[in-house]
1. Please find, among 300, 240, 304, the residue that is of a type outside the set (Gly, Ala, Ser) and either without any contact (Cβ under 8 Å) to a residue 12 or more places away in the chain or touching a Cys at 6+ places or on another chain (Cβ under 7 Å) (or both).
2. Quick one: residue 343 ticks every box in (1) at pLDDT 95 or above; (2) under 15 Å from residue 163 (Cα atoms); (3) exposed (fewer than 14 other Cβ atoms within 10 Å of the Cβ) bar one, so which box is it?
3. Quick check on residue 98: is it surrounded by fewer than 21 Cβ atoms within 10 Å (Cβ to Cβ) and touching a helix residue (DSSP H, G or I) at 6+ places or on another chain (Cβ under 9 Å)?
4. For the stretch 182-220: of the residues being under 18 Å from the mean Cα position of the chain (by Cα) and assigned to a helix (DSSP H, G or I), which is farthest from residue 149 (Cα to Cα)?
5. Can you tell me which residue is nearest to the chain's Cα centre (by Cα) among those in the stretch 242-272 that are open to solvent by 10 Å² or more (accessible area, probe 1.4 Å) and of a type outside the set (A, V, I, L, M, F, W, C)?
6. Could you give me the residue pairs with C-beta distances under 8 Å whose first residue belongs to the stretch 203-217 and is over 20 Å from residue 228 (Cα atoms) and open to solvent by 30 Å² or more (accessible area, probe 1.4 Å), whose second residue is part of a helix (DSSP H, G or I) and not aliphatic (A, V, I, L, M) wherever it lies, and which are 6+ apart or on separate chains?
7. Residue 227 - would you say it is modelled with pLDDT of 95 or more, assigned to a helix (DSSP H, G or I) and open to solvent by less than 20 Å² (accessible area, probe 1.4 Å)?
8. Run down 118, 150 and say which single residue is over 19 Å from residue 73 (Cβ atoms) and free of Cβ contacts under 8 Å to residues at least 40 places away in the same chain.
Amino acid sequence: MASIKDVAAAAGVSVATVSRVLNEHPSVSADARTRVLAAVQTLGYRPNAVARSLRTDTTRTLGLVISDVLNPYFTELARSVEEEARALGYSVIIGNADERPDLQDHHVRTLLDRRIDGLLVSPTDGGSPLMLDAARAGTPMVFVDRWIPGVDVPVVRADGRQAVRDLVAHLHGLGHRRLAIIAGPAATTTGRERVGAFREALAAYGLPLPDAYIGQGDFQAESGRRVTEGFLDLPEPPEVVFAADNLMALGALDAVRARGLRVPGDIALAAFDDIPWFVHTDPPVTAIAQPTDELGRAAVRALVDRIEGRPPRSVTLPARLVVRRSCGEPPHPLPPSPVQRSTP
């Protein structure tokens with residue numbers, strides 16, 4: 001591999017001149033610049049990014065810590081983050097927290113040690129002292145999807161409250177009255193928000209949400225399976241199970257099928273976080289879709305604004321209900337689209 005000394009020798013200039021050319025310093029003559037760039041191309045020289053970062057105090061690298069890389073929602077989010085960052089001249093290093101606060105902090109610490117320029121995080125909980133300290137120390141940071149209340153960091157997220165209201169209106173219109181939820185972790189803002197929105201939407205129709213119809217999950221498929229088995233064992237099982245994320249919905253579907261039951265004939269199923277797989281399940285799953293690609297790109301833009309000295313801003317985008325066949329919808333519904341809002 002060619003070194004900067006090799007480039008200097010080939011171009012007939014000093015190492016300092018090569019460095020100035022590579023850093024686009026205006027003091028280099030046009031002739032010297034042409035010879036250096038020609039030598040760089042001929043030798044295939046690539047500057048040492050680490051050494052350059054020590055000189056410029058920037059690495060053009062962003063860190064992204066996501067909650068679960070196996071969750072298709074976060075996989076798509078990571079892809080949009082990487083694409084937008086690349087378009088803006090940044091690289092991305094990804095850490096998978098696997099819904100574990102200790103692993104989240106490990107990745108945050110590692111990324112900060114590697115001198116990233118900024119950090120995108122979807123927090124697994126709201127009590128990480130490391131993340132709080134990083135935010136207070138002025139580390140450029142943006143929360144995406146989830147957030148830590150009270151921390152002065154821009155948040156890029158989807159608001160699913162209206163979509164949940166639309167879902168409950170849709171279920172009520174289909175004649176369902178006993179609705180249960182598989183909740184996400186109460187330590188996460190999304191876990192709490194979705195249960196609250198569901199409860200409020202039911203109350204608007206005078207429908208109760210008994211404790212027995214609230215199952216505590218962890219955004220993993222196994223918890224969806226376990227909670228649904230508990231629902232099915234109740235003296236009066238719910239008519240609908242609403243899973244607060246896609247993986248828990250898949251676990252719920254497994255539990256129903258393991259009992260020899262059918263969706264939606266025996267029990268209906270709906271999910272938060274639409275994924276491409278839901279179109280191909282039997283039946284296709286009615287779900288709330290988040291604008292994942294837009295969220296990832298908006299998060300990167302907010303973080304780059306913070307890094308480059310522009311005022312960043314929080315962004316909230318609406319989620320929408322996609323109606324399919326898993327809740328007893330007519331055999332040939334209209335193409336998937338947000339349902340019309342109705343009043344109780």
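The values are calculated or read from the model by the stated rules, or taken from the named source; none is laboratory data. Here the structure is a predicted model, which is why all the values come from computation and not from measurement. Note: ideal-geometry Cβ built from the backbone for every residue, glycine included; neighbour counts use all protein chains shown. These area figures cover heavy atoms from the full protein model, side chains too; ligands, DNA and RNA do not enter into them. Shrake-Rupley method; radii C 1.70, N 1.55, O 1.52, S 1.80 Å.
1. Going through 300, 240, 304 in turn, just one is of a type outside the set (Gly, Ala, Ser) and either without any contact (Cβ under 8 Å) to a residue 12 or more places away in the chain or touching a Cys at 6+ places or on another chain (Cβ under 7 Å) (or both): 240.
2. So the condition that residue 343 fails would be (1).
3. Yes; evaluated as a whole, the condition is true for this residue.
4. Step by step, filter the stretch 182-220, then rank; the result is 194.
5. The selected residue is 254.
6. 204/165; 205/172
7. The answer is yes for residue 227.
8. The conditions single out 150.
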